[in-house]
Amino acid sequence: MHIARTIPQLREHLARFSRPAFVPTMGNLHEGHLDLVRQARPLGDVTVASIFVNRLQFLPHEDFDTYPRTWDSDCEKLRSAGCDVLFAPDENALYPEPQTCKVHPDPALADILEGHFRPGFFTGVCTVVMKLFACVQPRFAMFGKKDYQQLMIIRHMVRQFALPIEIVGAETRRAGDGLALSSRNGYLSEAERAEAVQLSKTLQAMAQAVREGERDLAAIEARAMRVMEARNWHPDYMVLRRRSDLKAPEAGDALVALGAARLGTTRLIDNLEIDATPSSDEPMTR
């Protein structure tokens, strides 16, 4: 695996390739990341991953300084997954001057849900992803569906800027009990880790209520919030939204259940696409 620390080093190495497949990460890798690398390999003529902890997407009170940096194990995992090139710039290499030019995504999509509770987060995400795309110039880029809203925003950005990149969304990798894999799971205590699966269980209960014909979405959401609060979580949202744009759904729309909640000091997110909605002329209400 070739390791490039600067943009010129990366571009020089990739000059011989025409169809890079790219997996951007912040390191502290788990099997979900490695699944992205494995799925990227057959898509292009070289598989590139990046490790960069992006200061721009952390709010002042969030965990930028303490975010786990696990370089040696990350490199070993990427090699074992078949990564060809690792781009690992430091801040001076990626941001040699203050990044005053930023990508501000559509507020209709970026200022709701995660963007409401983490204002400016998606501007930081889009800015670094756009810059990484400029460095790697991939033909394909892999993103996980666990960050559902992020995937939608990246796709929208690529479409709006007419970038010649196919964004590929990969299914969420889960532990045996159903917990979505996340770098932040490592912050959980043993007791919290046992409880953490409740987030996915509550999303499943929301989905089941829809499948069984319940049409009052606000009631389903409120019930989910109460369940989480009763188990000493601090939920930001537990919602049912239209898959296509994350707006309030109408009858016949494909739905997704999304949740974000804090357990102890760790904030977890998850989502579940609802595979079917009942056929009914009765409108869904909120």
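The values are calculated or read from the model by the stated rules, or taken from the named source; none is laboratory data. Values in this document were obtained by computation on a predicted structure and should not be read as measured data. Every residue, glycine among them, receives a Cβ derived from its backbone with ideal geometry; neighbour counts consider all protein chains shown. With ligands, DNA and RNA removed, areas are computed over all heavy atoms of the protein, side chains included. Shrake-Rupley method; radii C 1.70, N 1.55, O 1.52, S 1.80 Å.
Net charge in the neighbourhood of residue 140 (other residues with Cβ under 10 Å of its Cβ; Lys, Arg +1, Asp, Glu -1) is +1. Each label was represented as a point 7 Å from its Cα along the Cα-to-Cβ direction; for residue 251 and residue 214 these points are 2.1 nm apart.
Its Cα centre serving as origin, the chain has a Cβ charge dipole (Lys and Arg +1, Asp and Glu -1) of approximately 500 debye. Panel note: the C-alpha atoms of the chain, placed on their principal axes, show extents of 59, 42, 36 Å (largest first).
Under 5 Å from the amide H of residue 236 lie the amide H atoms of 260, 261, 262, each residue being 5 or more positions distant or on a separate chain, with H modelled from the backbone and absent for Pro and chain starts. Converting phi to 3J(HN,Hα) with the Karplus coefficients 6.51, -1.76 and 1.60 and the offset θ = phi - 60°, segment 22-30 yields 10, 10, x, 9, 10, x, 6, 6, 10 Hz in sequence order, with x at every glycine or proline. Between the listed residues 148, 50, 112, the Cα displaced farthest toward the positive end of the dipole of the chain, a dipole computed from Cβ unit charges relative to the Cα centre, is found at 50. A helix-only calculation puts the chain at -10500 deg cm²/dmol for mean residue ellipticity at 222 nm, using -39500 (n - 2.57) for each DSSP H run of at least four residues, averaged over all residues. Across 117, 58, the residue with the most accessible area heads the list, and the full order at a 1.4 Å probe is 117, 58.
Expressed to the nearest 5 percent, the antiparallel share of DSSP beta bridges inside the chain is 45 percent. Close lysine pairs were tallied over the chain: pairs 8 or more places apart or on different chains with Cα atoms under 24 Å apart number 10.
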